[in-house]
Amino acid sequence: MAKIGLATTWLDGCSGCHMSFLDLDEGLIALADKVEIVYGPLVDYKTFPEHADVTLVEGAVSSEADKKNILNIRARSGVLVSFGDCAVTANVPGMRNRYPVEAVLQRGYVENAEPPLAGSGEAAFQVVPQLCPHARPVHEFVHVDVFLPGCPPPPEAIFYLLQELLAGRIPDMRGRTRFGA
Ligand code: SF4
């Protein structure tokens, strides 16, 4: 049986959802015969493939680069999974939404810098991806096929989701995970 191509990626997230994926432990071995990871931080491929059967997207859409990436990922993905609370609701990245971008940058890259930066910190701002006014959930930009809440989603829920997709079913995640930790 041909393996399904699985991509995983992150936008504005903390990588905790990917850590939960690694917590599948022996479940990873069970999946190894059926799944090939074709892109993501867990492997060394540098560009998103022309097609991934399933893509797990961690994190909110927070920058112009995120917007460009998620459109590209959607176009190249069969089933797209909104992976974790930041992808589903904006969650932690969305905490900045009540403040103007300039104030967020000032706080993060000047006032909280060690040692504190003099002046406006414009040099630091130039290396930060251009932020959108707000961090938004993935489904506000592209169609999402499956929502997998949790901060992070528990490994058991991730395993169930992948098993269902392998069986050709869109998983019903109700009762298997919840928002928050
Ligand atoms: S949902 Fe939680 S664990 Fe996942 S990226 Fe967001 S903050 Fe991190």
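The values are calculated or read from the model by the stated rules, or taken from the named source; none is laboratory data. Fair warning: this is a prediction, and the values are worked out from it, not measured in the lab. So basically every Cβ, Gly included, is an ideal-geometry build from the backbone, and we count neighbours across all protein chains shown. The area values use the complete protein model at the heavy-atom level, side chains included, leaving out ligands, DNA and RNA. Shrake-Rupley method; radii C 1.70, N 1.55, O 1.52, S 1.80 Å.
Couple of notes before you dig in:
- Between 0 and 90 degrees, the angle of helix 64-75 with respect to the longest Cα principal axis of the chain falls at about 20 degrees.
- Dimensionless Rg/Rh of the stretch 49-181 - Kirkwood Rh, Rg from C-alpha atoms: 1.07
- Mean projected area in nm² (Cα convex hull; one quarter of hull surface) for the stretch 5-49: 3.3 nm²
- Choice from Lys68, Lys46, Lys34 showing the highest fluctuation, given a GNM over the chain with Cα pairs closer than 10 Å: Lys46
- For the residues Met95, Met173, a 1.4 Å probe over the protein chains yields an accessible-area ranking, largest first, of Met95, Met173.
- Net length available on complete extension from Glu64 to Gln130 is 23.2 nm, with 0.36 nm assigned per residue and the Cα-Cα distance removed.
- Förster radius 25 Å - calculated FRET efficiency between Glu114 and Ala181 (Cβ-Cβ, nearest 0.05): 0.30
- Restricting the stretch 79-181 to trypsin sites (Lys or Arg not before Pro) that sit in a DSSP loop and have at most 10 other Cβ atoms within 10 Å of their own Cβ leaves Arg98, Arg169, Arg174.
- Shown in residue order for the stretch 153-161 are the 3J(HN,Hα) couplings computed by the Karplus curve 6.51 cos²θ - 1.76 cosθ + 1.60 at θ = phi - 60°: x, x, x, 4, 6, 5, 5, 4, 4 Hz (x for Gly and Pro).
- Accessible surface of the chain [probe 1.4 Å, protein heavy atoms]: carbon and sulfur percent: 55 percent
- Accessible solvent surface per residue of the chain, calculated while the other protein chains remain in place, 1.4 angstrom probe, Å²: 54 Å²
- Those lysines that a straight Cα-Cα span of less than 27 Å connects to Lys3, excepting residues fewer than 8 apart in one chain: Lys34, Lys46
- Pairwise FRET efficiency - Asn72 versus Ala30, Cβ, R0 = 35 Å, nearest 0.05: 0.70
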